[in-house]
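Worksheet: the structure to be examined is printed underneath.
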Amino acid sequence: DAGVTQSPTHLIKTRGQQVTLRCSPKSGHDTVSWYQQALGQGPQFIFQYYEEEERQRGNFPDRFSGHQFPNYSSELNVNALLLGDSALYLCASSLNLRDTPNTEAFFGQGTRLTVV
Amino acid sequence: AQRVTQPEKLLSVFKGAPVELKCNYSYSGSPELFWYVQYSRQRLQLLLRHISRESIKGFTADLNKGETSFHLKKPFAQEEDSAMYYCALTRWDNNNDMRFGAGTRLTVKP
């Protein structure tokens, strides 16, 4: 099991462009969460997907959207990129809490996005 | 509002010395607290969680609800403990929204 895999590992985009980041969860996991980690900060929760729907959302604008596919993989889309969107984007997968209380979240290596 | 504070960005100790990484939180309900660790060039991984009451790699953490703290401790630090440590919090019945502190970089010197 490769664990949580994210692609690409690095990305450079121009201000105003759109970007799509991808995440494959750990085998057997059905819940995917996305986090933004700015330099020198801890990860900040963006949103979580379960059963192909956004279940909860952090304090991020609508420019940040996502999707979950039937195979549980997920995408994070960011529109109208700003310089401040430059960060490490982390994906974490877990089992659904209702079915598996106290489930552990496993993190991917992240995608480093640079907006210029 | 949920908030996690790690007051030390950097912490340096000598091998064999005790180490304590501080974590304070603010939360109105019943929190679940975690410590995550990130070793050099590796992904973020769970070190321990307060409900497990385990000792992982010699580390322990006690939840002090009165002081709203969850400090991470190890009596004898090892060089391989050098890493970035993050304290995190969720609601006990909802792990959807995990709040992280800014992290403490621990360096254990030989």
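The values are calculated or read from the model by the stated rules, or taken from the named source; none is laboratory data. Every value quoted in this text rests on a predicted model; they were computed, and no experiment measured them. Ideal geometry is used to build each Cβ from the backbone, glycine not excepted, and the neighbour counts take in all protein chains shown.
On inspection, B:Arg53 does not qualify as under 25 Å from A:Phe106 (Cβ atoms), in a loop (DSSP other than H, G, I, E, B) and modelled with pLDDT of 90 or more.
Okay, residues lined up against (1) more than 23 Å from B:Gly101 (Cα to Cα); (2) surrounded by fewer than 18 Cβ atoms within 10 Å (Cβ to Cβ):
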| residue | (1), (2) |
| --- | --- |
| A:Ser27 | yes, yes |
| A:Ala38 | no, yes |
| A:Glu51 | yes, yes |
| A:Ser73 | yes, yes |
| A:Asn79 | yes, yes |
| A:Ala87 | no, no |
| A:Val116 | yes, yes |
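With B:Ala102, B:Ala88, B:Ala77 as the choices, which residue is of a type in the set (A, V, I, L, M), within 14 Å of chain A (Cβ to nearest Cβ) and part of a loop (DSSP other than H, G, I, E, B)?
B:Ala102
Please determine whether any residue of region B:50-72 is touching a residue at least 40 places away in the same chain (Cβ under 8 Å), surrounded by 13 or more Cβ atoms within 10 Å (Cβ to Cβ), more than 14 Å from chain A (Cβ to nearest Cβ) and at positive phi. Yes; the residues of region B:50-72 include at least one that is touching a residue at least 40 places away in the same chain (Cβ under 8 Å), surrounded by 13 or more Cβ atoms within 10 Å (Cβ to Cβ), more than 14 Å from chain A (Cβ to nearest Cβ) and at positive phi. Return a yes/no flag: does region B:6-28 have any residue that is more than 14 Å from chain A (Cβ to nearest Cβ), at positive phi, in contact (Cβ under 8 Å) with a residue 40 or more places away in the chain and surrounded by fewer than 17 Cβ atoms within 10 Å (Cβ to Cβ). Yes.
With respect to being part of a strand (DSSP E or B), hydrophobic (A, V, I, L, M, F, W, C) and more than 29 Å from A:Tyr50 (Cβ to Cβ), B:Val108 fits the description.
Note on region A:42-80: residues that are over 28 Å from B:Trp35 (Cβ atoms) and in contact with a helix residue (DSSP H, G or I) (Cβ under 9 Å, 6 or more places away or on another chain) total 2. Checking region A:65-81 against the condition returns no match, with no residue being touching a Lys or Arg at 6+ places or on another chain (Cβ under 7 Å) and within 13 Å of chain B (Cβ to nearest Cβ). Do we find a residue being modelled with pLDDT under 95, over 30 Å from A:Thr9 (Cα atoms) and assigned to a loop (DSSP other than H, G, I, E, B) anywhere in region B:12-27? Yes: region B:12-27 contains one or more residues that are modelled with pLDDT under 95, over 30 Å from A:Thr9 (Cα atoms) and assigned to a loop (DSSP other than H, G, I, E, B).
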